[in-house]
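Here is the structure we will look at.
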Amino acid sequence: MAEKVTRRPYVREVPRVLWFLRHPRYVRYMVREVTCLFIGAYTLLMVVGLQRLSEGRASWEAFLEMLRSPWSIAFHALALGFSLYHTVTWFNLTPKALPVQVGESFLPDRVVAGAHYAAWALLSLVLLKLAGAY
Amino acid sequence: MTAFLTPALVTLTLLAGLGYVPDVLAYERLHAFAAHWLGKVALITVIFLSLWSVAHRLRITLYDIGVRADRGVAAAVYSAAGLASIAAAVFLFRV
């Protein structure tokens, strides 16, 4: 059967692993996906923090001391950057994910995204205020 | 959820690392927070949902970069997220 097919079908070559380098759009997608590694590592750090907290005061103070190491600060700076990227890219696509219909038409994209940004800013400010960060 | 909260949380521990420890991270305050049932619920909710979303995205990303053993990957990432969540719950219970 196969040898009777005279035309050769076009099979596009796609690299198996590094396909996303072909277009900046794909690279941005991959960067966004990689942010989850940092968010995951940070959440595990929170779990470790809870363990230290449950062990008592001395253990918690040692944990706070560990946070001061240059490695920890570098990790936090990276994690903050990646988590902001994750947040901003998500809010920018919320109009696509959660279109709000009013009557016949949909709310403009910037209203939907703007509402998310506003809620985010408010929530972050309240959280930081309650935490005594400022 | 992760999008709304994580940047502020990272900011808190970053401040602590820079030597400016926010009040909530002082032992008495955090211990009191984690000892209250509402604080426990809040902490475990944030941790569980973050880990779950990370596990799910890691699974999809691994598939994207050519790891096609999806069953194994799914089992690995979800059980890691589950184990870490259970560990967090146990630590919270002990506080």
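The values are calculated or read from the model by the stated rules, or taken from the named source; none is laboratory data. Quick caveat, the model's predicted, so the values are computed rather than measured. Counting neighbours? That spans all protein chains shown, and the Cβs are built from the backbone with ideal geometry, glycine included. Quick note on the areas: whole protein, heavy atoms, side chains included, nothing else; ligands and nucleic acids left out. Shrake-Rupley method; radii C 1.70, N 1.55, O 1.52, S 1.80 Å.
Observations on the model:
- Counting only residues that are open to solvent by 40 Å² or more (accessible area, probe 1.4 Å), polar (S, T, N, Q) and part of a helix (DSSP H, G or I), the range A:1-53 holds 1 of them.
- Within the range B:5-61, restricting attention to residues that are among the basic types (Lys, Arg) and more than 7 Å from chain A (Cβ to nearest Cβ), the residue that is farthest from B:VAL95 (Cα to Cα) is B:ARG59.
- Members of the range A:77-113 that are at the interface with chain B (Cβ under 9 Å from one of its Cβ atoms), without any contact (Cβ under 8 Å) to a residue 24 or more places away in the chain and open to solvent by less than 60 Å² (accessible area, probe 1.4 Å): A:ALA77, A:LEU80, A:VAL88
- Residues that are assigned to a helix (DSSP H, G or I) and more than 7 Å from chain B (Cβ to nearest Cβ) within the range A:64-76 comprise A:GLU65, A:MET66, A:PRO70, A:TRP71, A:ALA74, A:PHE75, listed in sequence order.
- Filtered residues of the range A:92-111 (kept if more than 19 Å from B:PHE4 (Cβ to Cβ) and assigned to a loop (DSSP other than H, G, I, E, B)): A:PRO99, A:GLY103, A:GLU104, A:LEU107, A:PRO108
- Which listed residue is polar (S, T, N, Q) and closer than 30 Å to B:VAL21 by Cα, from A:SER105, A:SER72: A:SER72
- Helices (runs of 4 or more DSSP H) contained in chain B and holding at least 1 residues more than 27 Å from A:TRP71 (Cα to Cα) and over 11 Å from the mean Cα position of the chain (by Cα): B:27-35, B:37-64, B:70-94
- Single match in A:ARG28, A:ARG12, A:ARG16 (criterion: within 9 Å of chain B (Cβ to nearest Cβ) and of a type in the set (Lys, Arg)): A:ARG16
Residues checked against (1) of a type in the set (Ser, Thr, Tyr); (2) surrounded by 18 or more Cβ atoms within 10 Å (Cβ to Cβ):
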| site | (1), (2) |
| --- | --- |
| B:THR6 | yes, yes |
| B:LEU9 | no, yes |
| B:PRO22 | no, yes |
| B:ALA26 | no, no |
| B:HIS36 | no, no |
| B:TYR63 | yes, no |
| B:ALA69 | no, no |
| B:GLY72 | no, no |
| B:VAL77 | no, yes |
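- Condition check for A:GLY56: under 14 Å from B:TYR27 (Cβ atoms) and surrounded by 18 or more Cβ atoms within 10 Å (Cβ to Cβ): no
- Selection count, the range A:115-124, where residues are under 11 Å from B:PHE4 (Cα atoms) and without any contact (Cβ under 8 Å) to a residue 24 or more places away in the chain: 6
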